[in-house]
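Presented below is the structure to which this report refers.
The values are calculated or read from the model by the stated rules, or taken from the named source; none is laboratory data. All values reported here derive from a predicted model rather than from experimental measurement. Don't worry about glycine lacking a Cβ; one is built from the backbone with ideal geometry, like all the others, and counts go over all protein chains shown.
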Amino acid sequence: MMDWGYLFEVCLTGLAGGGLYALAALAFVLVYKATRVVNLAIGELLMAGGYLFFTFAAMWALPLWLAIPAAVLASGMLGGLIERLVIRPLLGEPPISAFMVTVGLGSILVGLVEIIWGADQRRLPDFMPTKPVMVGDAFLAPKVFWGAVIAAVFIAAVLLVFRYWRGGVALRATASDQAAAYVVGINVPRVFSLSWVVSAMLAAVSGIIVGSIGGISSSMGVFGLSVLVVVIVGGLDSVLGALVAGLIVGLVEGLAAAYLGGEFKLLATFVVLVGILMVRPYGLFGTRDIERL
Amino acid sequence: MRIGTLKESYVADAALFDSRTQRAWLVVAAACLVLLPFVANDYWLYMACLVAINIASSAGLNILTGYTGLVSLGQAAFMGLGAYTVAILQIRWGTPLLLNLLAGGVVAMLGGVVVGVPSLRVKGLYLAIVTIAATFIAHFLFANLEFTGGTSGLSMSPGRLFGVELDTSFRLYWLIVPLTMLMLLGAANLFRTRIGRAFIAIRDRDISAEVLGIPLLRYKLLSFGLSSFYAGVAGGLWAYFFRVITPESFPLSMSIFFLAAIIVGGMGSTLGSILGAVFMTMVPEVLKLVFDLLPASTNLAVLLSPVRLIIFGALIVGFLIFEPLGLAEMWRRIRRFFHLWPFRN
C-alpha cells in the first residue's frame, strides 16, 4: 500500500528544493545567455555568497537587514571583478577555454575560503521563521519552505526586471544577436559585466538560503553540480528551462532520496540528465544550434 | 615551420623526429630515464612512477580532447574502470600482469564507447556534462556493486612480472615507464595515420569532416575508445602502484586534474601531455617541499591544501589567458631560439 501522504510530503519538499535550484540555475543562465560562458564555478559563487553573509552577520554582527544586502552587493562586486579580470580576456576564445577558466576559478575560490574562514562547516545565523509549515496534512521544514518562497520572489523579480528594465532589455538583445546589439548602440562589454554582477548576486542569494538550511562549508560547491544538471536538462540558454528543470531535478532528488536512499540522489539526477539528453540533445527548452559550413 | 630543416620527401616530412639534434637529445633523455632508478632515492622514484602514470592518462585525454575536440571530464572514471578490472582479475584469478593491464584497457575502452555513444547527438559542453554524469554513475557502481568491494574497495598483492615481485617503486619503474613510453609513441604515431588525421578534422569542424567522408560516429567512438583505453591501462598501472582501490580513488577532481594537465601542457600535442602531466604532478610536491622549509613552529601546514587549490586554479586561469597553447608552445619557442644559436636568434 502506497503512503500517499508521505509521497505528497516528499514531492513538496523536492519541489521546494527545486525552487532553490531554479534560482541558482537562473544565475547560471543569465551569464550563459549574455556571454556564452558555461560557469562551472556557480557552486563556488554560491559558497562565496554564503561566507560573505556569514562574515557580515556572524563575525561583524551586523543586523540582518544590513548583512544580507551587504553580502549580495559584495558578491556582485566579486562577480564583476571575475568578469573583468578573467572572463573578458577570453572573449572570442573557444568555449572550452572559458569553461576551464571557471573550473580554475572555482578551485581558487575554494582555496581562498579555506584560507580565510577555515575548512570546517559553519552555521549561518537563523533568520527564517521556525514555525513548521503545514500544506494540507503534509509537513514541510520551515527553512525549506521559506527558502523556496524567497527563491520564488527573487525569480519573479528577475524575470520582471529583465522584461522591463533597460539593462535587462539590453541583455536580452545581446543574447539574441551580439553584432546587432552593438549596431543599435548597446555597450556589449558593459552588458557582459552586468550579467556577471547580477548572476553573482543571485548566486549569493541562493547561497545564503542554501547555507542557512544546511550550513556552509568549503565543499558547498557540490551544490553547483546539481545546478549544472538543472541547466543542462533545461537547455543552457533557456530561462524557462532553468525554472522547469529546477523543479524536475528537485523532485527527482527528493523522490530518490526518500524511496531509494540518500546515495541515489546524485545518481538519479544524472540518469535523468543522460536520458533527457539522449532524447533532446539541447535540453528541454534549449535553442537548437543550426550549424552551417 | 623552422628554418634549416629542408625536407626532400614526404617520409621526411611526416617523420616524428626530424632533426639530428632532436634525435641526440632523445638518446640523452632515454639514457637519463634508464639511469634515474640507480641514482634517485625512493621518494623521487615514487614520483617518477606517479608522473609516468599521469602522463599515460593525459596522453589518452589529449587524443580525445586535444585532437578530436570532445571535452571529457570522465577520464578518472575510465581509469577507475581499468584499475578495478586489473584488481579483480589479479585477486580472483591471478592472471598474468600484462594480460590484466590489457583487459583493464579493453574494459575501459568499452566503457568509453558507451559514454561516447551520445557524442553524435550531444555536442560541446552538453557532452562534457554527460561525461561528468558517467563519472558519478561509475562511482556509484564501484561503491555499490558486490564484486568491487563496496565503499571499502579492494586491496591487492603486488603484481608479478617474469617472476619478479613488483613491490618497490624501483621495480615498478621498469614496468610503468617503458609502458608509458610505448603508449606515448603510439599516440604520437596515431596522428600520422588516417585515423589521427580524421580526429583532427573532426576537431576543426565536424560537419566539414563528415562532408569529406569521415564517418563521424565511428571516429568519435574510436576516439573515445582509444582515449579510455589509455586511461584504463593507466588505471591498471595505478592499481599496481597503489594496490588499494576505493571508489574515492577516482573523483571528479581527478578528471579535472587531467583536463588541467593537457591545458597547461598544450592541447593537441603529445609533448604537451608529457609536459603538462609532469608539471601538474610536480607543482603540489614542490609546494610541499617549500612548506617543509618554512619554520615548523607556525601553523602554516594547514594552509598547504588551500594554497594548492589556489595555485592549481591560478595555473589553469593563467595558462588559458596568457599561454593558451600551453607549455608545449613555450618549449617550441625556446627550441626555436636555440635552433641556429649562437649564429642567429
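Does B:Gly149 qualify as being modelled with pLDDT under 80, under 17 Å from B:Val244 (Cα atoms) and surrounded by 24 or more Cβ atoms within 10 Å (Cβ to Cβ)? Let's see the steps before the verdict.
On the way: modelled with pLDDT under 80: yes; under 17 Å from B:Val244 (Cα atoms): yes; surrounded by 24 or more Cβ atoms within 10 Å (Cβ to Cβ): no.
No.
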*Restricting attention to region A:253-285, which residues are crowded, with 18+ Cβ neighbours inside 10 Å and farther than 21 Å from B:Val117 by Cα?*
A:Glu253, A:Gly254, A:Leu255, A:Ala256, A:Ala257, A:Ala258, A:Phe264, A:Lys265, A:Leu266, A:Phe285
*helices (runs of 4 or more DSSP H) contained in region B:1-118 and holding at least 2 residues in contact (Cβ under 8 Å) with a residue 12 or more places away in the chain*: B:20-39, B:42-61, B:75-88, B:97-116
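Name the one entry in A:Val133, A:Val161, A:Val149 that is in contact with a Phe, Trp or Tyr (Cβ under 8 Å, 6 or more places away or on another chain), surrounded by fewer than 20 Cβ atoms within 10 Å (Cβ to Cβ), modelled with pLDDT under 90 and β-branched (Val, Ile, Thr). Steps first, please.
Values: A:Val161 fails: in contact with a Phe, Trp or Tyr (Cβ under 8 Å, 6 or more places away or on another chain); A:Val149 fails: in contact with a Phe, Trp or Tyr (Cβ under 8 Å, 6 or more places away or on another chain).
Only one candidate passes the filter, namely A:Val133.
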*Taking only region B:210-254 into account, find how many residues are part of a loop (DSSP other than H, G, I, E, B) and either on the phi > 0 side of the Ramachandran plot or without any contact (Cβ under 8 Å) to a residue 60 or more places away in the chain (or both).*
5
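Residue-by-condition table, conditions (1) crowded, with 18+ Cβ neighbours inside 10 Å; (2) farther than 28 Å from B:Pro215 by Cα:
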{"residue": "B:Ala108", "(1), (2)": "yes, no"}
{"residue": "B:Gly116", "(1), (2)": "yes, no"}
{"residue": "B:Phe136", "(1), (2)": "yes, yes"}
{"residue": "B:Phe142", "(1), (2)": "yes, yes"}
{"residue": "B:Gly153", "(1), (2)": "yes, yes"}
{"residue": "B:Arg160", "(1), (2)": "no, yes"}
*Hey, could you check region B:243-266 for residues that are closer than 19 Å to B:Val283 by Cβ and among the β-branched types (Val, Ile, Thr) and say which is surrounded by the fewest Cβ atoms within 10 Å (Cβ to Cβ)?*
B:Ile256
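Okay, residues lined up against (1) assigned to a helix (DSSP H, G or I); (2) away from chain A (no Cβ under 14 Å); (3) surrounded by fewer than 16 Cβ atoms within 10 Å (Cβ to Cβ):
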residue: B:Ala277; (1), (2), (3): yes, yes, no
residue: B:Pro295; (1), (2), (3): no, yes, yes
residue: B:Ile316; (1), (2), (3): yes, no, no
residue: B:Leu327; (1), (2), (3): yes, yes, no
residue: B:Trp331; (1), (2), (3): yes, yes, no
residue: B:Trp341; (1), (2), (3): no, yes, yes
_If I filter region B:71-85 for residues that are facing chain A (nearest Cβ under 10 Å) and on the phi < 0 side of the Ramachandran plot, do I get at least one hit?_
yes
*asked:* Testing B:Ser152 on (1) more than 9 Å from chain A (Cβ to nearest Cβ); (2) within 22 Å of A:Leu225 (Cβ to Cβ); (3) in contact (Cβ under 8 Å) with a residue 24 or more places away in the chain; (4) more than 20 Å from the chain's Cα centre (by Cα), one condition comes back false. Which one is that?
replied: (2)
*Test: A:Gly262 is free of Cβ contacts under 8 Å to residues at least 60 places away in the same chain and away from chain B (no Cβ under 11 Å)*: yes
*Scanning region A:234-269 for residues that are touching a Lys or Arg at 6+ places or on another chain (Cβ under 9 Å) and part of a helix (DSSP H, G or I), which turns out nearest to B:Tyr126 (Cα to Cα)?*
A:Val239
*So which residues in region A:266-284 are at pLDDT below 85 and more than 10 Å from every other protein chain (Cβ to nearest Cβ), if there are any at all?*
A:Leu284
*Name the pairs: first residue in region A:213-230 and within 13 Å of chain B (Cβ to nearest Cβ) and more than 18 Å from A:Leu124 (Cα to Cα), second residue modelled with pLDDT of 85 or more and not in a helix (DSSP H, G or I), Cβ to Cβ under 9 Å, at least 6 apart or on different chains?*
A:Gly224/A:Asn39; A:Gly224/A:Leu40; A:Gly224/A:Ala41; A:Leu228/A:Val38; A:Leu228/A:Leu40
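Within region B:299-306, is even one residue within 14 Å of another protein chain (Cβ to nearest Cβ), farther than 24 Å from B:Ala52 by Cα and in a loop (DSSP other than H, G, I, E, B)?
If we filter region B:299-306 for residues that are within 14 Å of another protein chain (Cβ to nearest Cβ), which is where we start, we get B:299-306.
Still in the list and also farther than 24 Å from B:Ala52 by Cα: B:299-304, B:306.
Now narrow it down to the ones that are in a loop (DSSP other than H, G, I, E, B): B:299.
Yes; the residues of region B:299-306 include at least one that is within 14 Å of another protein chain (Cβ to nearest Cβ), farther than 24 Å from B:Ala52 by Cα and in a loop (DSSP other than H, G, I, E, B).
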